[in-house]
Structure formats: structure tokens, C-alpha cells
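The structure appears below as C-alpha cells.
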Amino acid sequence: MKSLVFAAFALAGTLMLFSATAPSGYVVGDKADDFSLLNVDGNMVSLSDYKDVKGYIVIFTCNHCPYAQMYEERIIALHNKYKPKGFPVIAINPNSPLIVPEDSYEEMKKRARDMKYPFPYLFDEAQTVYPKFGATRTPHVFIMDTNRVVRYIGAIDDNPELPSMAKNHWVENALESLLRGESPKPEVTLAIGCTVKKKPK
């Protein structure tokens, strides 16, 4: 796993340059469309359901991916820290269970229960939401302000395997900047993780 992580980050600069020149979804400054997706509690959840928030931390993640699992506790911590400040986490599973059965809705419910997720865990079953965002990895973070304008896209931090060794806490820094009324710097980083699993055509 270590070699995989280090190799991925070694390619970060090149891949970030490519992704910056060829966006396939929202870019910073775009206004995101609302959506309605099934939560693990059986209810439908939309961005418009959230009232009096300062913004949203939308994270595309899943059950099976080792990177998603490594970041799981950090995602929970982000929600617990920033929801009271107006930025709740909204987790979305973009994967097709036809490709990865571990990412089925039933398995999502088990994962959310076992890990005691304090945030909604939504299923993009039709795979219509993640392409709009341009999510390509799990996890992949999109921070939006209260008007659903995208303000940050990318990774949570720069060390998936060892949280204590992370030097750049990009999501936290972006959120703190927004809370001060400033623009995040950087606004885009490279999301490192498993590729989104598309259903067969």
C-alpha cells in the first residue's frame, strides 16, 4: 500500500496539470445543481434540505476502496468539527454495485451503521450526480458555499496512510479560509483514490 500511495503522489503534479486543463465537471466558481438521492436511512436527501448553512462538504466515497477506508475517520472528524460551524458533510457513493458488490445499498447501510456515520450517506444509483461534479476518485471532495458555488475541489490532505504525518490539510484550510471570508488557497488539489466504478452500458 505504501508504494501505491507514494507512486500516486509522485504523479500528482503532472496529473493535476492535466485535470486543470481538461475539466469534465464543475470547476471552482460553478454553481452546482441540487440533487435528490437516497440516504441509508431510507429518506431522500437534497442540498435544499439544509437550512441556514454556510456551505456543504460533498465527499464522493464508498465502502470498498482502501483510500476511502483510510480517510473514513477523518471524514467523520470533519463533519463533527465543521457542521456546528455551518459546513456539514454529505457523503455520496458513486459506484455501481454491478461492478463492486461491496458498494451496494445494503452494504452502505451496514457500513454507516457499523462506523456510526453522523452524516448522510447517499447512493448515486443512477450515476447521474457524480459526472456533473466531475468526481473521478473515492474520496473526492467538493466544498460549496451557501449559494452552492464550488469553492474547493480535491483531496482531504496529503497523506492517506498516516494522518499524523500529513503536512497539508487542504480541506480544513479551505474551510477555515471560507469561514474568514477568504478564498481557499489552493482551490484545487489532486484527488487520490480508487477510480469511480461505472455500470456497464
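Only residues that are surrounded by 17 or more Cβ atoms within 10 Å (Cβ to Cβ) and β-branched (Val, Ile, Thr) were counted across the stretch 97-128, and they come to 1. Of the residues Asp114, Asp103, the single one that is more than 27 Å from Glu176 (Cα to Cα), modelled with pLDDT of 95 or more and in contact with a Pro (Cβ under 7 Å, 6 or more places away or on another chain) is Asp103. Residues in the stretch 162-201 that are surrounded by 15 or more Cβ atoms within 10 Å (Cβ to Cβ), of a type in the set (Asp, Glu) and in a loop (DSSP other than H, G, I, E, B): Glu187 alone. Of the strands (runs of 3 or more DSSP E) lying entirely inside the stretch 82-149, the ones with 3 or more residues being of a type in the set (Val, Ile, Thr) are found at 89-93. The set of residues from the stretch 110-130 being over 14 Å from Leu37 (Cα atoms) and not aromatic (Phe, Trp, Tyr) comprises Lys110, Arg111, Ala112, Arg113, Asp114, Met115, Lys116, Pro118.
The values are calculated or read from the model by the stated rules, or taken from the named source; none is laboratory data. As the structure is a prediction and not an experimental result, all values here were calculated from the model. Every residue, glycine among them, receives a Cβ derived from its backbone with ideal geometry; neighbour counts consider all protein chains shown.
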